[in-house]
Amino acid sequence: MTTTATTEAAWPADTVARFLTLGGAAVNLRTHTFETHYTTRGVLCSGGAMRTVAGFLVECEGCGTRLSHRNARTDGEPYLPNEEAEAIKDANDHAAVCRAMPRSTLTAAPEKSTIDSAVDKLVARYGEDIAFLAGGHSGPVPIPAEGLTLATFADLVQDAADHLESYPSVGLGSEADDLAEAASRLRAALDAQADHQDALLTLAAKLLPAATDAAQELRLAG
Ligand SMILES: [Zn+2]
């Protein structure tokens, strides 16, 4: 069948198995490296120690549920290396009862415009200061009032952080750190799913006032 071939072609490399929910969404079983309180054999580490293990993540693209292994200490804790069979069974069981439909096809269009308008708001609020900082000695970088992409905005914020780092004498290290952190959250938002994307943009927005503070300091100094 052609549909099967298309779906198979779209499988990411780390996907071990996929199960179809009643609503037509996929439950993905993927290899996943994570930190856990258990050893690779599923024995609890003594003294609260953590291990990094290569196990399995089971996530439903329809309802967003992340299944947890049997002895998980937190919700959604991935399956341990020796629990592949259990992960397969749980993924199949979830798919058999989950009626969620795929989210990507439903939210793709509105998601983009929401993000674009969120970026426009951040540009309206902090764009001038970020352009000033990103330009450094050569003067403000020209930026459009609207329609700047998230990727370009993230790069500009990173440039602003880098330029601040290059003025060690003015003591704006913590502002530079905040802007670098904001840039990394914005870049993470590029790859995130819609709900997580909002959270990352909110976190970035909380760090961006550092641009206004730093720009004021530099304008006074310069
Ligand atoms: Zn589900």
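Throughout, read-outs are computed from the coordinates displayed, never taken from laboratory work. Predicted model only: the values in this text are computed from it and were never measured. All Cβ positions, even for glycine, are placed from backbone atoms using ideal geometry, and neighbour counts span all protein chains on display.
Mind checking which residues of the stretch 60-98 are of a type in the set (Val, Ile, Thr), within 12 Å of the ligand (Cβ to nearest atom) and either buried (at least 19 other Cβ atoms within 10 Å of the Cβ) or not in a helix (DSSP H, G or I) (or both)? Show your work before the answer.
Residues of the stretch 60-98 that are of a type in the set (Val, Ile, Thr), as a first pass: 65, 74, 88, 97.
Pick out the ones that are also within 12 Å of the ligand (Cβ to nearest atom) and you get 65, 97.
The answer is 65, and nothing else.
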Given the residues 205, 214, 180, 176, which is the only one that is among the small types (Gly, Ala, Ser), touching a residue at least 60 places away in the same chain (Cβ under 8 Å), over 16 Å from residue 123 (Cα atoms) and crowded, with 16+ Cβ neighbours inside 10 Å?
214
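Just give me the residues in the stretch 22-43 being aliphatic (A, V, I, L, M), more than 10 Å from residue 56 (Cβ to Cβ) and within 16 Å of the ligand (Cβ to nearest atom), in sequence order. Explain how you work it out, then say what you get.
Looking only at the stretch 22-43, we keep the residues that are aliphatic (A, V, I, L, M), and these are 22, 25-27, 29, 43.
Narrowing the set further to residues that are more than 10 Å from residue 56 (Cβ to Cβ) leaves 22, 25-27, 43.
Result: 22, 25, 26, 27.
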Quick check on my filter: what residues within the stretch 153-173 are buried (at least 21 other Cβ atoms within 10 Å of the Cβ) and part of a loop (DSSP other than H, G, I, E, B)?
172
